[in-house]
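This report refers to the structure that appears directly beneath it.
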Amino acid sequence: MNKIKVMTVFGTRPEGIKMAPIIKVMESRPEIENTICITAQHREMLDQVLDLFKIEPDYDLNIFKPGQSLTEITMRALEGLERVIREVKPHILLVQGDTSTVFAGALAAFYQKVKVGHVEAGLRSGNLYSPYPEEANRKLTGVLAHFHFAPTEINRLNLLKEGYPEERIFITGNTVIDALKFAVKKDYKFHLPLLNDIDYKNKRIILVTSHRRENIGKPMENIFSAINNIALKYDDVEVVFPIHLNPKVREIAYRVFKGNDKVHLIEPLDYEPFTNLMAKSHLVVTDSGGLQEEAPSLGKPVLVVREETERPEGIEAGTAKLVGTEYDNIFKEIDILLSNQEEYSKMANAVNPYGDGKASERIVDIIIKHIGPNE
Ligand code: UD1
Ligand code: UDP
């Protein structure tokens, strides 16, 4: 049987997490031969994901450099990918999300006239500079894509509004929910003693992550200051913040949280302990994209410290709230959730606007149905 040649390209932690379940499904399908190429735009943070999901890339472009600029990432990925695509000659190249690796992957495929499948297509904040550069990356990738795998109906409508043909858009759910189902376990034991020692029964844990480029500077100082003062206000509140490896983020975090022993600043966690920590947390404060999808599924209220979001589904479902990046509002909104049980209960509902855990199977089925091995 002539197999369908798929080439899967990813480079950062969230792409790895969301691509992993698709790779696993493809491994079980005899119709498909998948070649995995990582750009390694992230190094340690991506390697953690590869280990967990036992993924061994066929190609590793190893483009990571500390302090890398957007131009450097894009150029190095584009150059490396051209070589690999010429060698592999895939029928379809899959990218996931909105990073610079995604845009470079789609462009490299287009230059070789290889069809692009865009996983997590159609998310739009409406502001080209927020998130920056992700909103542009996803729009640019959309232009180059042949198949648009839209997680939700809202995403599909965004694509239709931009004039993409209906027959190329498929609602699949988000593969992050597939990954989450794999990772979250009952009675999970952490390897990190600090996380095992937390008294989850008597303490309320606020799980924090922040890394968006447009928040670096004053907005991030506001976010961290508000969280810092909340931790000081409530005796039974502790904060756990696995800090992104970006040194700019780390500098602000270490400075603002200095001397506050209610705030645990730790290294980025592997996906499994991270999601199990989320499952034990009281609430989540984040500017991450992925966390906005995971927290509702786990019934955790999530305060989104950004000015806009491309993920309105969680907000409509009532589990997420957009709180901006001004100190006063962030402090106020966390304060309400900690002091008003009714408000907290309204938000702490497990809902799944982002998928049912079967997105990867749908995506692979669509590829098999629509791409012939002789393309
Ligand atoms: C990137 C993506 C962003 C995504 C995020 C997920 C782009 C432009 N941005 O942002 O969309 O939400 O990943 O986390 O594609 N670093 C390390 N080791 C690592 C990873 C990062 O040291 O394994 C440090 C480096 O100093 C690096 C910096 O973090 O320069 C920023 O990494 P980069 O990939 O440029 O951007 P992110 O902010 O991680
Ligand atoms: N995550 C992780 N370890 C951490 C923090 C986050 O595994 O210490 C996971 C999280 O569960 C989610 C993804 O990383 O699936 C989100 O990545 P990030 O916030 O870096 O990027 P974004 O989703 O904003 O693009």
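Note on region 230-273: residues that are away from ligand 1 (no atom under 16 Å from the Cβ) and loosely packed, with under 15 Cβ neighbours inside 10 Å amount to 8.
Of the conditions (1) of a type outside the set (Lys, Arg); (2) open to solvent by 30 Å² or more (accessible area, probe 1.4 Å); (3) in contact with a strand residue (DSSP E or B) (Cβ under 6 Å, 6 or more places away or on another chain), Leu298 clears all except one; give me its number. For Leu298, the failing item is (3).
The residues listed here are His91, His146; of these, the one that is surrounded by fewer than 22 Cβ atoms within 10 Å (Cβ to Cβ) and touching a residue at least 60 places away in the same chain (Cβ under 8 Å) is His91. Looking for something within 16 Å of ligand 2 (Cβ to nearest atom), in contact (Cβ under 8 Å) with a residue 12 or more places away in the chain and either in a loop (DSSP other than H, G, I, E, B) or small (Gly, Ala, Ser) (or both) - is there at least one such residue anywhere in region 214-227? The answer is yes, given that some residue of region 214-227 is within 16 Å of ligand 2 (Cβ to nearest atom), in contact (Cβ under 8 Å) with a residue 12 or more places away in the chain and either in a loop (DSSP other than H, G, I, E, B) or small (Gly, Ala, Ser) (or both). Considering only residues that are open to solvent by less than 10 Å² (accessible area, probe 1.4 Å) and more than 16 Å from ligand 2 (Cβ to nearest atom), which ones fall in region 153-174? Listed by number, the residues that qualify are Leu159, Thr172.
Can you tell me which residue in region 110-129 is least open to solvent (accessible area, probe 1.4 Å), limited to those that are within 19 Å of Val304 (Cα to Cα) and in contact (Cβ under 8 Å) with a residue 60 or more places away in the chain? Explain how you work it out, then say what you get.
First pass over region 110-129, keeping only residues within 19 Å of Val304 (Cα to Cα): 123-129.
Those left that are additionally in contact (Cβ under 8 Å) with a residue 60 or more places away in the chain: 123-127, 129.
Values: Leu123: 6, Arg124: 31, Ser125: 24, Gly126: 74, Asn127: 51, Tyr129: 154 Å².
Only one residue tops the list, namely Leu123.
Of the residues contained in region 30-42, none is found to be open to solvent by 10 Å² or more (accessible area, probe 1.4 Å) and in a helix (DSSP H, G or I). Going by the conditions given, is Ile17 outside any loop (DSSP other than H, G, I, E, B), away from ligand 2 (no atom under 14 Å from the Cβ) and crowded, with 19+ Cβ neighbours inside 10 Å? Here the answer is no, as Ile17 does not meet what is asked. Residues in region 27-84 that are of a type in the set (Gly, Ala, Ser) and farther than 30 Å from Pro242 by Cα: 2 in all.
Tally the residues that are near ligand 1 (Cβ under 9 Å from one of its atoms), of a type outside the set (A, V, I, L, M) and more than 18 Å from Asn137 (Cα to Cα), restricting the search to region 20-77. Quick ask: steps written out before the conclusion?
Looking only at region 20-77, we keep the residues that are near ligand 1 (Cβ under 9 Å from one of its atoms), and these are 40-48, 64-70, 72-74.
Checking the rest, the ones that are also of a type outside the set (A, V, I, L, M) come to 41-44, 47-48, 64-69, 72, 74.
Next cut, more than 18 Å from Asn137 (Cα to Cα) only: 43-44, 47-48, 64-67.
Adding up the residues that qualify gives 8.
For Glu79, are the conditions met, namely being in contact with a helix residue (DSSP H, G or I) (Cβ under 9 Å, 6 or more places away or on another chain), open to solvent by 40 Å² or more (accessible area, probe 1.4 Å) and more than 30 Å from Ser125 (Cβ to Cβ)? First the steps, then the outcome.
On the way: in contact with a helix residue (DSSP H, G or I) (Cβ under 9 Å, 6 or more places away or on another chain): yes; open to solvent by 40 Å² or more (accessible area, probe 1.4 Å): yes; more than 30 Å from Ser125 (Cβ to Cβ): no.
Here the answer is no, as Glu79 does not meet what is asked.
Based on what the data block shows, is Glu72 among the acidic types (Asp, Glu) and assigned to a helix (DSSP H, G or I)? The answer is yes for Glu72.
Here is a yes/no grid of residues against (1) within 14 Å of ligand 2 (Cβ to nearest atom); (2) touching a residue at least 12 places away in the same chain (Cβ under 8 Å); (3) within 21 Å of Gln96 (Cβ to Cβ):
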{"residue": "Asp235", "(1), (2), (3)": "no, no, no"}
{"residue": "Lys258", "(1), (2), (3)": "no, no, no"}
{"residue": "Leu265", "(1), (2), (3)": "yes, yes, no"}
{"residue": "Asp270", "(1), (2), (3)": "yes, yes, yes"}
{"residue": "Pro273", "(1), (2), (3)": "yes, yes, no"}
{"residue": "Leu277", "(1), (2), (3)": "yes, yes, no"}
{"residue": "His282", "(1), (2), (3)": "no, yes, no"}
{"residue": "Leu291", "(1), (2), (3)": "yes, yes, yes"}
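Among the conditions (1) free of Cβ contacts under 8 Å to residues at least 60 places away in the same chain; (2) within 16 Å of ligand 2 (Cβ to nearest atom), Glu56 misses just one, which is (2).
Selection of region 303-353 for residues being among the β-branched types (Val, Ile, Thr) and free of Cβ contacts under 8 Å to residues at least 40 places away in the same chain yields Val304, Ile315, Thr319, Val323, Ile336. On the stretch given as region 51-72, residues that are open to solvent by 40 Å² or more (accessible area, probe 1.4 Å) and touching a strand residue (DSSP E or B) at 6+ places or on another chain (Cβ under 8 Å) total 5.
Just to be sure, is Lys89 more than 18 Å from Asn34 (Cβ to Cβ) and modelled with pLDDT of 95 or more? So Lys89 fails the test.
State yes or no: is Gly372 at pLDDT below 95 and away from ligand 2 (no atom under 15 Å from the Cβ)? For Gly372, the condition - at pLDDT below 95 and away from ligand 2 (no atom under 15 Å from the Cβ) - is met.
Flag: Thr141 does not match the condition of being touching a His at 6+ places or on another chain (Cβ under 8 Å), more than 23 Å from His91 (Cβ to Cβ) and open to solvent by less than 50 Å² (accessible area, probe 1.4 Å).
The values are calculated or read from the model by the stated rules, or taken from the named source; none is laboratory data. In this text, all values refer to a predicted model and were calculated from it rather than measured experimentally. Positions of Cβ are generated from backbone atoms using ideal geometry, with glycine treated the same way; all protein chains shown enter the neighbour counts. Accessible surface areas use protein heavy atoms only, side chains included; no ligands, DNA or RNA. Shrake-Rupley method; radii C 1.70, N 1.55, O 1.52, S 1.80 Å.
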